[in-house]
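Single-structure report; data block below.
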Amino acid sequence: MAECIRRYRPADESTVVGVWHRAGQAAYTFLPTWQQFTLGEAHQVFQQVIVSHCELWVATREALVVAYLALKKSYIDRLYVDPPEQRSGWGSRLIEHAKALYPEGLELHTHQESLGARAFYERHGFVAVRFGISPPPESAPDVEYHWRPNADIAMRVRGE
């Protein structure tokens, strides 16, 4: 199968928004705002907030977008994998891609209740540096993570 990570193209919009919406609905069962978030609203937010402020990358299999990554310089603004494609390595490939783009380090936030996401980022060398509350409309407990290349080296030396 032909798999790749490439830059986002405007023609990808509907597929990327669908991936984001489905993945968010599946991941954020604890957030009423996400459960009420419609696909139409997702398109609006994507156009007004994400495309205009982020560098976007998509992961494809047989030319079908299965995951996407949105970066604001070294900040991972969003990383979503379509639910049927989860646990297939797409998230790991996108994290490695982000690390290659920003080898000096990366930052991100995720929800404290997103235990799967937290475990995923920690497996990739991210360290929780601050616990807080996400901005509205969610206003939910979140955690800020940082990845620094020296931390990865230290983990490998210790055999973690």
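Within the set Arg87, Arg78, the sole residue that is in contact (Cβ under 8 Å) with a residue 24 or more places away in the chain and not aromatic (Phe, Trp, Tyr) turns out to be Arg78. Every condition in (1) farther than 20 Å from Arg22 by Cα; (2) at pLDDT below 95 holds for Val143 except the one numbered (2). Within segment 28-60, the only residue that satisfies the criterion of being surrounded by 11 or more Cβ atoms within 10 Å (Cβ to Cβ), of a type in the set (Ser, Thr, Tyr) and in a helix (DSSP H, G or I) is Thr33.
For the residues Glu107, Glu62, Glu96, Glu122, the requirement of being over 17 Å from Tyr28 (Cβ atoms), in contact with a strand residue (DSSP E or B) (Cβ under 6 Å, 6 or more places away or on another chain) and either free of Cβ contacts under 8 Å to residues at least 24 places away in the same chain or of a type outside the set (Lys, Arg) (or both) singles out Glu107. Residues that are at pLDDT 95 or above, more than 19 Å from Trp147 (Cβ to Cβ) and surrounded by fewer than 18 Cβ atoms within 10 Å (Cβ to Cβ): does segment 96-111 have at least one? Checking segment 96-111: not a single residue is at pLDDT 95 or above, more than 19 Å from Trp147 (Cβ to Cβ) and surrounded by fewer than 18 Cβ atoms within 10 Å (Cβ to Cβ).
For segment 1-22, the candidate set comprises residues that are hydroxyl-bearing (Ser, Thr, Tyr) and part of a helix (DSSP H, G or I); within that set, the residue that is nearest to Pro84 (Cα to Cα) is Thr15.
Of the listed requirements (1) surrounded by fewer than 17 Cβ atoms within 10 Å (Cβ to Cβ); (2) assigned to a loop (DSSP other than H, G, I, E, B), Gly125 misses just one: (1). From the residues in segment 61-84 that are out of contact with any helix residue (DSSP H, G or I) (no Cβ under 9 Å at 6 or more places or on another chain) and at pLDDT 95 or above, which one is surrounded by the most Cβ atoms within 10 Å (Cβ to Cβ)? Going through the qualifying residues, I end up with Tyr75.
The values are calculated or read from the model by the stated rules, or taken from the named source; none is laboratory data. Quick caveat, the model's predicted, so the values are computed rather than measured. Quick reminder, even Gly has a Cβ in these numbers, built from the backbone with ideal geometry, and neighbours come from all protein chains shown.
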